[in-house]
Structures are given as C-alpha cells and as structure tokens.
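Report on the following structure.
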Amino acid sequence: MRGGICPVIIIAAACALLAACAPPTPVRALPPGATPEEVADYARALAQYRWARASGNDDVVTQAVDTWSSISEEILLRQGPGLFDARMVCERYRVAGPKDPPDERSTFAPQFVRDCQHIDRRYNQATSAIRRNLEERIAAADLATVAQAGGGRP
C-alpha cells in the first residue's frame, strides 16, 4: 500500500512545481476610457443623486457623489497616472503639513504649494471632463433608447 502512495505524492509535487514555474496568464488591461460597467455605475449614481436631492436624503446624495467621484478617479488613473500620482503626493503633504519649524521659512514649501495648486486645477479639469464625457454617453444612450422605443409606434 505504501508503494502506491509515494509515487502519487511525487507526481502531485512535480505538477505543483511545474504550475508554479509556468508564466502567469496575461491580465487584460483596462482601456484608458470608461468601461461599459463604469458608464452604467455612473448612470445609476447620477439617477440616485437626482432622486436623493428631490427627496432630501443627504446621506444618499453623499454616497452618489462619492461613487461618481471614484469612477472618474479610476478612469483618470488609467488615462493620466502621473497627474493622479502628483495629486496624491499633494494630498499627503496637505495632511502631514510642512516639516519645517514655523519660524524657519523654506523656499521649497511655497513653490510646492503653488505646484500643488496647479496640479489640483489640472486634476479638477480632467475629472470634470471625464464626468462630462460620461454624462454625454449616458444622454446619447438614453436618446437612442427613446428613439428605439418610439420607432415601433404608429
């Protein structure tokens, strides 16, 4: 009985070793623009936002804004990773604050603050453009749906 189990264990170990050494299957990269799922999620968040504003539910308004902000950030991360990374550095600096004692003025900090203001402006412009593009795509899809539904009427 023992002679039959040992070869099975050796074969299983060899298979596991071969599987570990095999090159990983390539992961399909996301396109730089919005995926259909992101467009659908954005449309849901936009509808949720409009409903929540009409009903006065501030918690749902906040949740919807967070959702569409994170979607536009994800898309920007794929389109302009450098701008996204620069914004994260500026955010960390604002949270941590300058490391210099208050009475020692650094020439680096004011320039860094100006650079971060410029980066914030570019970041806001980029995410606004992404949101406008998503809203245009949603409106076009809505119009296509209405036109298709209206086409079957006499």
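The table below gives the values:
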read-out	value
In sequence order, calculated HN-Hα J values of the range 74-87 (Karplus, 6.51, -1.76, 1.60; Hz; x Gly/Pro)	4, 5, 4, 4, 6, 7, x, x, x, 5, 4, 4, 4, 5
Pair residue 44, residue 70: separation of 7 Å Cα→Cβ label points (nm)	1.2 nm
Distance (nanometres) between label positions extended 7 Å along Cα→Cβ at residue 121 and residue 85	2.4 nm
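We did not get these values from a lab; they are worked out from the coordinates using the rules stated. Please read all numbers here as calculations on a predicted model, not as lab measurements. Reconstructed Cβ throughout: ideal geometry from the backbone, glycine too, with neighbour counts over all protein chains shown.
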